[in-house]
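Peer 1: Please read through the structure below; I'll follow up with questions.
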Amino acid sequence: MRAIALAALIGVSSSDFAFADDPLGTWAMEGGKVTVQVSSCGGALCGRIIGLNKPFDKHGNPKLDKDNPDPALRRRPVIGLTLFRDMKQTGDNQWEGQIYVPDDGRTYDAIVYVSGDVMKVKGCLVVFCKAKKFQRIN
């Protein structure tokens, strides 16, 4: 009885994101193109780009958000951009929100699934979806 009460107390007092398959941490996209830091942002998840396999353009300058639809944002570096935001938990090890893709400057509806050290991020525009897998690196 005491063990059940202790388990319930631990479950109630743990963080909003304390799951068996915890999404928080550092993740590398398969192929190594991008590294993302996933953290808690006001009750939701967000993911910020912290590294690129090829961080410089052909002129040796840091890659910029050149395809952003807002001309005022096209000079900001890709490293440091928020890749996904407002990811709210919608099921066991599943979050839904939005993903910004600097490769095309568009924002898509997205779903994040986490299973152990694998995170699948699926972005959709109407009925067309594309998924990428990430591997936990920390």
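Peer 1: Hey, quick one: spin label on Thr107, modelled 7 Å out along Cα-Cβ, who in segment 53-68 has an amide N within reach, i.e. under 18 Å?
Peer 2: Residues passing the 18 Å test: 65-68.
Peer 1: Give a residue-ordered list of calculated ³J(HN,Hα) values for segment 92-106 (Karplus: 6.51 cos²θ - 1.76 cosθ + 1.60, θ = phi - 60°; whole Hz; x for Gly, Pro).
Peer 2: My calculation for segment 92-106 gives 5, 6, 9, 9, 10, x, 10, 10, 9, 10, x, 4, 10, x, 10 Hz in order.
Peer 1: What residues qualify as long-range amide H neighbours of Arg76, i.e. H under 5 Å apart, gap of 5 or more or another chain, H built at 1.01 Å from N?
Peer 2: For Arg76, whose amide H was placed from the backbone, the distant partners under 5 Å are Asp65.
Peer 1: Then there is this: About its Cα centre, how strong a charge dipole does the chain have in debye, to the nearest 20, once Lys and Arg get +1 and Asp and Glu get -1 at the Cβ? Please report the intermediate quantities before stating the final value.
Peer 2: On the way: 19 positive and 15 negative charges, 93 e Å.
With Lys and Arg at +1 and Asp and Glu at -1, about 440 debye.
Peer 1: Another question, then. Over the residues of the chain, compute the C-alpha Rg and express it relative to 2.2 N^0.38 Å.
Peer 2: Relative to the 2.2 N^0.38 Å estimate, the chain comes out at 1.20.
Peer 1: Where does each of Leu125, Leu45 land when they are ranked from fewest to most other beta-carbon atoms within 10 angstrom?
Peer 2: Ranking Leu125, Leu45 by Cβ neighbours within 10 Å, fewest first, gives Leu125, Leu45.
Peer 1: Per the helix-only calculation at 222 nm, which mean residue ellipticity applies to the chain, given -39500 (n - 2.57) for every DSSP H run of n ≥ 4 and division by its residues, nearest 500 deg cm²/dmol?
Peer 2: -2500 deg cm²/dmol
No value in this document is a laboratory result; all are computed from the given coordinates. Values in this document were obtained by computation on a predicted structure and should not be read as measured data. Cβ sites come from the backbone with ideal geometry, for glycine too, and all protein chains shown count toward neighbours.
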